[in-house]
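Working notes, beginning with the structure itself.
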Amino acid sequence: MFAGYMGQDNGRGGASPKDKYLALLLAALMIIAFAHSWHYCLRPWHYGVEFGYDETNYIECAKRLLDTGSFSFWGNGPDAYVTPGFVLWLAAFMSVFGKGSAAVYAVKLAQAILTAADVFLTWDIGRKLTRGRLAPLTGAFFVAFSGTFCYYARFMLTEPLYHFLMLLSADLILGAVRFGDRKGSLLRFFLCGIVAGVCIEVRSPIAVVLPFALVLVLSIRDAQRRKWAVRAFGMLMLGVLVPVIPWTFRNLIVLHKFVPFCTQTNAFFYGFTPDPLALGLKDPGSIWGNLRYVAEFFRADPAGMLKYMTVTKFRIIFLLPDELVFPRLYMVNEHFRNLFVYAGGAGILAGLFFRRYRRISLLIIFFIAMTFLVVPVARYGVQFYPFFGLAAGLLAEGILGVFKKQ
């Protein structure tokens, strides 16, 4: 059945021999990703401590939620400093396995399994985007062998759960789009929205993509297709609200504030210069205040600020050395990652010139651009690895297609 899902039929109602081999290869990549991730989960502590600063706060928040019923990231009374999804994820495991090391390793095991599932989802997204086999397998290969991507399974951080839900959302939405306007299509988009809403309540970056997605929907030229797409997007947004509304109401009642996501540090304030506090600047706490600072810095040094917001941030987010991954082989991992980042970036840009991929390329470019506006952190770039892998595969497919024609 798995082989049959690969896409080709042998004319006798079953999968072709080639697809059976591809199914075995995909299964092998998933096993490699799990083993790769689990290897890191069993390694000694990083930087000589059991948990990093954020990990400790997430764990303690989950414990407080179970003990007192209060959501408090800092322990100083109820707050909404972070989105609730990952804390609920930890609390679910603690309610079954206790609050000790058994729960920690149960979470790590689950996150290693999710990383293996990411390989399948990356492949399935590629399968739905292209008729070829190279791009889906290239994306799956990059995720499975990327030391950086698999490394995050060991952390009590949002990344593994967020990556899985983000890819699952993208995969389900692509499936709903391919299903078309047949009966039940709008329900599919509503269910996709629920998954996307849960993803947003784990980590909220994809929330900034939704307004731009609406712009792309409205840009559809054919009136009939645009009308259906707007209805589908509306159902998607209704689904997104299902997980978001309860958290928003909780914050209105408990904190007396409208907080649909979280009140975390003003990431935009820390994003336009390396250390604004060292310059004596104060967090304005508003978008307009951030924009005023940006305008002042740009007028003072336009070339320097442009370089920092583009070249420097690109290096920090995507190319920063990661010595924590396989210390003896980290240079191999760096070259492997850099190859896919550059090839994938070229593939995403190339997609702008093809009608089939133009809107998807624009969406990914917008998503990356939004990441460049906030404080640059290397782990923020990991969410784009599956898309770099798929785009690199699509670029390779295009190049091979040109050679075949010649």
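No value in this document is a laboratory result; all are computed from the given coordinates. Just so we're clear, the structure is a prediction, and the values are computed from it rather than from any experiment. With ideal geometry, Cβ positions are generated from the backbone for all residues, glycine too; neighbour counts draw on all protein chains shown.
Summary table below
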{"quantity": "Difference of contour (0.36 nm per residue) and Cα-Cα distance, D283 to A106", "calculated": "59.8 nm"}
{"quantity": "Calculated from backbone phi, Karplus (6.51, -1.76, 1.60) coupling profile of the stretch 37-42 in Hz, x at Gly/Pro", "calculated": "5, 5, 4, 5, 4, 9"}
{"quantity": "Residue-span extension gain [A303 to Q224] - 0.36 nm each, minus C-alpha spacing", "calculated": "23.9 nm"}
{"quantity": "Size of charge dipole - the chain - debye, nearest 20, with Cβ of Lys, Arg +1 and Asp, Glu -1, no other charges", "calculated": "1680 debye"}
{"quantity": "Selected from M30, M166, G351, residue furthest toward positive end of dipole (the chain; charges at beta carbon)", "calculated": "G351"}
{"quantity": "Modelled FRET efficiency - R0 30 Å, F258 with D67, Cβ distances, 0.05 increments", "calculated": "0.60"}
{"quantity": "Rough spin-label spacing in nm, given labels placed 7 Å along Cα→Cβ, for L88 and R131", "calculated": "4.2 nm"}
{"quantity": "Helical contribution to [θ] at 222 nm, DSSP H n ≥ 4, -39,500 (n - 2.57), averaged over the chain, rounded to 500", "calculated": "-21500 deg cm²/dmol"}
{"quantity": "Simple spin-label estimate for T265 and L42 in nanometres, 7 Å along Cα-Cβ", "calculated": "3.5 nm"}
{"quantity": "The stretch 50-188: Rg to Rh, with Rh as the Kirkwood radius over Cα pairs", "calculated": "1.07"}
{"quantity": "Most to least packed among 99-112, 204-217 [average Cβ atoms within 10 Å]", "calculated": "99-112, 204-217"}
{"quantity": "R0 of 22 Å, Cβ-Cβ distance V208-Y81: FRET efficiency to nearest 0.05", "calculated": "0.70"}
{"quantity": "Positive-end residue, the stretch 2-264 charge dipole about Cα centroid, Cβ charges, pick of W228, C150, G193", "calculated": "W228"}
{"quantity": "Inter-centroid distance (Cα atoms) of the stretch 52-75 relative to the stretch 133-193, Å", "calculated": "28 Å"}
{"quantity": "Segment R356-V215, length gained on full extension (0.36 nm per residue, minus Cα span)", "calculated": "49.1 nm"}
{"quantity": "Inter-probe distance in nm under a simple model that places probes 7 Å from Cα toward Cβ, at L25 and R379", "calculated": "3.3 nm"}
{"quantity": "Rounded to whole Hz, the Karplus (6.51, -1.76, 1.60) HN-Hα couplings of the stretch 195-208, x for glycine and proline", "calculated": "4, 5, x, 4, 4, 4, 7, 8, 8, 8, x, 5, 5, 6"}
